[in-house]
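The structure under discussion appears below in the form of structure tokens.
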Amino acid sequence: MNIKLPILSICIPTYNRAKILKESLESLVCQDIFQNTNQVEIIISDNCSTDNTSEIVDEYIRQYGSKIKYFCNQQNVKDKNFGLALSRGQGIFRKLSNDTLIYQPNSLRKIVEIVNANQNSRPILFFSNNKKGGFVECDTMDKFISMASFQITWLGGFGLWNDELGWIETLEAMAHTYLAQTYVLLKQFSLKKKAMLLNFVFCKMYKASTEGSYNISEVFIKNYLSFFEEYVKNGELSNKVFEKEKWLVLKKHVLPRIFNVKYHYRYDKTNFWQYTKDYHKSLKFYLYISQIFIKKIKQGLKNVIKAVWLEK
């Protein structure tokens, strides 16, 4: 007997975020394509949560049955849970999803349409959640990195076709880098030379209170940039594009989190100067840091003026 597989598996690794997970699930199950077809399933892979995650998920399983599947690991395996979440799905395309994503109305239908349209050619599909740029076909690594930049580190944009599950071993082996999905994405591109960068907003990102449990400089300067070394060496990625990315990830991602621009980030910030030593010979490095401090001073002045005004 032929069993028709779901088109899409939304695979959610989670740990101790029951309240936010409930909001994420609610934004998924309310969509028409989930309620009225069997094209979408939801997989929850729980990293041995100590909160009421299982009770929250049970509520939804009672309503929607096998469309939602819950697995609880015997222990917290940290980022190895990404591969487990993907392996537990049955969909033709299995998309990882942070447990903090609130999906937009009808976003699942759009994702399913994209999967259906690309089933035969099976390019890499990367969902950027960016409203600019439309759908971009990339056939060189230069173009892919230039267009996507460090967005490729985002867990919520990554997925695998159901005939690509051999990559799960690599995901598990590279879990210690905190960017296993990015490592696999680059390896895939090196083999396929074919990716679709899907720039459309499909979710809102809920800012989790536990954000930042890893060393931000180690992960995004040491680990992330090291992934590119072999591709620069073999000519797949030009040094020009690599150098641009090297400075972009520092300026746009690392420095704002090291110096708490806009938000109070909880990342481990130790050894920042050690991890950024390759930048120290350039005046641009110190210029970027000075720009950060100017922003912070301006923001501080705004806060003081606002406080004084409110007291009047």
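Using the structure shown, decide if Lys193 is touching a strand residue (DSSP E or B) at 6+ places or on another chain (Cβ under 8 Å), in contact (Cβ under 8 Å) with a residue 12 or more places away in the chain and within 30 Å of Ala117 (Cβ to Cβ).
Values: touching a strand residue (DSSP E or B) at 6+ places or on another chain (Cβ under 8 Å): no; in contact (Cβ under 8 Å) with a residue 12 or more places away in the chain: yes; within 30 Å of Ala117 (Cβ to Cβ): yes.
When the stated conditions are applied, Lys193 does not pass them.
Look at Leu250 and say whether it is in a helix (DSSP H, G or I), in the same structural domain as Lys302 (by TED's automatic domain parsing), at pLDDT 95 or above and over 19 Å from Ala180 (Cα atoms). Walk me through it before giving the result.
On the way: in a helix (DSSP H, G or I): yes; in the same structural domain as Lys302 (by TED's automatic domain parsing): yes; at pLDDT 95 or above: yes; over 19 Å from Ala180 (Cα atoms): yes.
Considered against the rule, which asks whether it is in a helix (DSSP H, G or I), in the same structural domain as Lys302 (by TED's automatic domain parsing), at pLDDT 95 or above and over 19 Å from Ala180 (Cα atoms), Leu250 comes out as yes.
Kindly evaluate Gly89 against the criterion of being among the small types (Gly, Ala, Ser), in the same structural domain as Gln31 (by TED's automatic domain parsing), touching a helix residue (DSSP H, G or I) at 6+ places or on another chain (Cβ under 8 Å) and farther than 13 Å from Ile33 by Cβ. Taking the combined requirement at face value, the residue does not satisfy it. In the stretch 202-212 there is at least one residue that is part of a strand (DSSP E or B), surrounded by 19 or more Cβ atoms within 10 Å (Cβ to Cβ), among the hydrophobic types (A, V, I, L, M, F, W, C) and touching a residue at least 24 places away in the same chain (Cβ under 8 Å).
Contact annotation: no residue pair with Cβ atoms under 6 Å, 6 or more positions apart or on different chains, pairs a residue in the stretch 66-88 that is free of Cβ contacts under 8 Å to residues at least 24 places away in the same chain with a partner that is surrounded by fewer than 16 Cβ atoms within 10 Å (Cβ to Cβ). Annotation: of all residues in the stretch 272-294 being aliphatic (A, V, I, L, M) and within 13 Å of Phe259 (Cα to Cα), the one that is surrounded by the fewest Cβ atoms within 10 Å (Cβ to Cβ) is Ile294.
Restricting to the stretch 156-184, give me the number of residues that are in a helix (DSSP H, G or I) and either touching a Pro at 6+ places or on another chain (Cβ under 8 Å) or closer than 14 Å to Arg94 by Cβ (or both).
7
Candidates Asn106, Asn129, Asn98: the one that is touching a residue at least 60 places away in the same chain (Cβ under 8 Å), surrounded by 17 or more Cβ atoms within 10 Å (Cβ to Cβ) and on the phi > 0 side of the Ramachandran plot is Asn129. Scanning the stretch 138-149 for residues being surrounded by fewer than 19 Cβ atoms within 10 Å (Cβ to Cβ) and either assigned to a loop (DSSP other than H, G, I, E, B) or of a type in the set (Phe, Trp, Tyr) (or both) gives a total of 2.
The values are calculated or read from the model by the stated rules, or taken from the named source; none is laboratory data. A quick note: this is a predicted structure, and the numbers were derived from the prediction, not measured. Here Cβ is always computed from backbone atoms with ideal geometry, including for glycine, and neighbour counts include all displayed protein chains.
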